Amino acid sequence: MDKSLFTDSELEKYADVMIWGIKKARKNELLKNSFIEIKYDYEAVFLAEKLYEKLILEGYNPLLKSLKTPFTEKIFFEKGDTAQIEAVEPGYEKYLSEISASITLLAPSSLEHLKSVDSSKISHFSKSRKDLREILTNREQSGDYSWSLCIYPTSALAQAAGMSTESYTDKISKACFLNEENPVEKWKQLSDKIEILKKKLLNLDIDFFHIESKNTDLIIKNGENRKWLGISGRNIPSYELFISPDWRFTTGKYFADQPSYRSGNIIKNINLEFKNGEVVYADAEQGKDYLLKTLETDPGAKRLGEFSMTDKNFSPIDSFMANTLYDENFGGDKGNVHIALGNSYSTSYSGNMNHFNTDLKQTLGFNDSAIHWDIVNTEEKTVTAILKSGEEKIIYSKGSFQL
């Protein structure tokens, strides 16, 4: 790895978009001299360096933090005992309480190195970090912290997606508007369009959603005190509109035809059946054991944390990318609808976040879990909104919003 897969111009633009992302994602202004964490896989070092330079020039204090390599991550989970899995580095809680933002650059050089690892150890690690995640969640709710993440192309990702590294890099460039003269302006324009759709959905006063496709027939309740999310700056790229529904009323069957890569496993053609808000049946053409073990992570792993729709007219992503960040934003010919098993987004609460505590979260049907797993349906589909008035209105069909 002696040179970047992106041109110098694309690196510059990518760094600009990521800095826009952490500013867009926060309530309060990002003050000068703030500490900003840059977490990166080593293959993304060129983008990390460009970000470091730009943040310095803008008057911030960047903190470089290299993520585990495939070798060290495998050793950690294979050889680490319970105490090591749960161990937290000295001063880390204080660190999380003081950084103002995090930018994560994912560039996996392997997608299957954890395949032989006991998935229960990975689940245990995730659960052991719940209190740490809540520190950042609470700070994000108060407006003192923001985050953003993106993908840097690697041969491992390209191979898993069935394309050349050059083609994979080109698709990232197009998806993030790096091939445009001013990608930040493009994201701002798209954000304005998404805001219009959010307002239209909110004004419909929706009670339930009915998702229908060849292999899906699912009822999802909107929930009270909810707002729609999208183009928040947190995920680059992002074209979806999504909400954290009231998990308690989810009923019916759901099919995910888009494969998922998780912890070294590939899971294909997932079939789920929900009753009274929880998964009562689960199957997969490939990766069934992983699916079943993940559903046992905690009580919330069998419940819904997100419902999302992506308009094909917004998203230029037209192929499987072997990474959820891109696959959950798939456009193609038919768009996508997806759900996420596990944790809800607190940011989908429409009220005063200072009042959003554990009791209110439970009362409103926001789900709580150590996992959040997006599973995607790209079939031809129709989404019908059942309004509180009793009226039924098709809001999504043929891959696009009907608003």
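Data overview
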item: Segment 360-396, residues that are small (Gly, Ala, Ser) and more than 17 Å from residue 198 (Cα to Cα); result: 365, 369, 370, 389, 390
item: Residue 339 touching a helix residue (DSSP H, G or I) at 6+ places or on another chain (Cβ under 7 Å), modelled with pLDDT of 95 or more and buried (at least 23 other Cβ atoms within 10 Å of the Cβ); result: no
item: Single residue of 388, 381, 393 found to be among the charged types (D, E, K, R), in contact with a Gly (Cβ under 9 Å, 6 or more places away or on another chain) and outside the structural domain of residue 130 (by TED's automatic domain parsing); result: 381
item: Some residue of segment 238-255 being closer than 19 Å to residue 395 by Cα, touching a Leu at 6+ places or on another chain (Cβ under 8 Å) and among the basic types (Lys, Arg); result: no
item: Some residue of segment 113-124 being free of Cβ contacts under 8 Å to residues at least 12 places away in the same chain and out of contact with any strand residue (DSSP E or B) (no Cβ under 6 Å at 6 or more places or on another chain); result: no
item: Members of segment 126-154 found to be assigned to a helix (DSSP H, G or I) and either without any contact (Cβ under 8 Å) to a residue 12 or more places away in the chain or not hydroxyl-bearing (Ser, Thr, Tyr) (or both), listed by number; result: 127, 130, 131, 132, 133, 134, 135, 136, 138, 139, 140, 141
item: Residue count for segment 127-154, restricted to those that are closer than 30 Å to residue 168 by Cα and surrounded by fewer than 20 Cβ atoms within 10 Å (Cβ to Cβ); result: 1
item: Residues located in segment 248-265, provided they are in contact with a helix residue (DSSP H, G or I) (Cβ under 8 Å, 6 or more places away or on another chain) and assigned to a strand (DSSP E or B); result: 260, 261, 262, 265
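The values are calculated or read from the model by the stated rules, or taken from the named source; none is laboratory data. Keep in mind that this is a model prediction, so the values were computed, not measured. Every residue, glycine among them, receives a Cβ derived from its backbone with ideal geometry; neighbour counts consider all protein chains shown.
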